[in-house]
């Protein structure tokens, strides 16, 4: 089933009506979550799904009598994947309804902090200073998938580009303002570049995609790596007034697709759905790498996993690693006072970490590395339900 048809089917399942205000920011600080991940034994009869494993999507390992409604909001980066697994899980568990409202990582974290949702999607971790504001207590991180953030462009007659981190930094800081700039031409000697102004497009909302895109620039050409990138890294950035903004990844994709000369950062799933053209990006090893699921898997394999299951796949080592590979998590409270909701949430996350991993590639995401997946499954035992 193609992505457009899938999302039409999902219209009756996934509500996009959560309207709480967004705030919060992405950062590499870790929370005080003390996840016990010493064991990698899978919960119950769940099985770890590696990238090349094929699993029937209708075996959920969930209790037969689940009955609950779960509401969630947050990152748009993994939204296509969440819509896919929500549809599969609820098809097999008719007593469960799951509504995912998107809105950006910052909104998801704040909605969970205010106990407006049962779980949230986030591409960045909670800042240390924000932990005390989470009214439900300790938060658990469950990694779900990884995927590339593309640098997508709209340039008539040009169907491929190579861009280095330094050139990308110059473009998004509005220091490189025309497509035939010598810096772009030097990286693309076989491309005829037009004399056309560049329109920079970025996220308007508090966004984990923004956080991870700017983290890539911070790590590759920031203050500790040449000092070319000067705007820092966060879920919101002080962009130049001449730039344009779109809400959510799909909003950025829409502006890029409708604006001649535009360039923006968009997750691979939304960029593919919108028919965008994306550049090959120079990675840490000096190789220009296309944004692919395989490149994302290569980046995630070597990531350092912290005890609370937070990590970063950005600017990873390896010749095959795509350098703007983003990770994402479901976050939820460790203590689940509503037993019905808690059991449904645990079963749903278990499905994502087992059968759901086999659905990732269908919507342009990469499954978790096997070892990380096993740790996340083991962490399900930390839920205190009822």
As a test of understanding, state the convex hull volume per residue of region 149-301 from its alpha carbons, in Å³. 108 Å³
Once R0 is set to 30 Å, what does the formula 1/(1 + (r/R0)^6) return for the Cβ-Cβ distance between residue 91 and residue 288, expressed as a FRET efficiency to the nearest 0.05? 0.15
Give me the Debye-computed log₁₀ of I(q)/I(0) at q = 0.15 Å⁻¹ for region 247-386, equal point scatterers on Cα only, no solvent, two decimals. -0.86
Could you order peptides 182-191, 99-108, 347-356, 286-295 by the average number of other Cβ atoms within 10 Å of their residues, highest first? 99-108, 347-356, 286-295, 182-191
With the contact rule set at Cα under 8 Å and sequence spacing of 6 or more, what percent relative contact order holds for region 281-321? 49 percent
How long are the semi-axes of the equivalent ellipsoid of region 320-386, taking √(5λ) for every eigenvalue λ of the Cα gyration tensor, in whole Å from largest down? 26, 12, 11
Ranked packing of 363-369, 73-79, most packed first, by mean Cβ within 10 Å: 73-79, 363-369
Rounded to the nearest 5, what % of DSSP beta bridges with both residues in region 149-301 are antiparallel? 55 percent
Computed over region 149-301, the relative contact order (Cα-Cα under 8 Å, seq sep at least six) in percent reads 35 percent
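Laboratory data are not the source of any read-out in this text; all were calculated from the coordinates shown. These numbers come from a predicted model, not from an experiment. All Cβ positions, glycine included, derive from the backbone under ideal geometry; neighbour counts span all protein chains shown.
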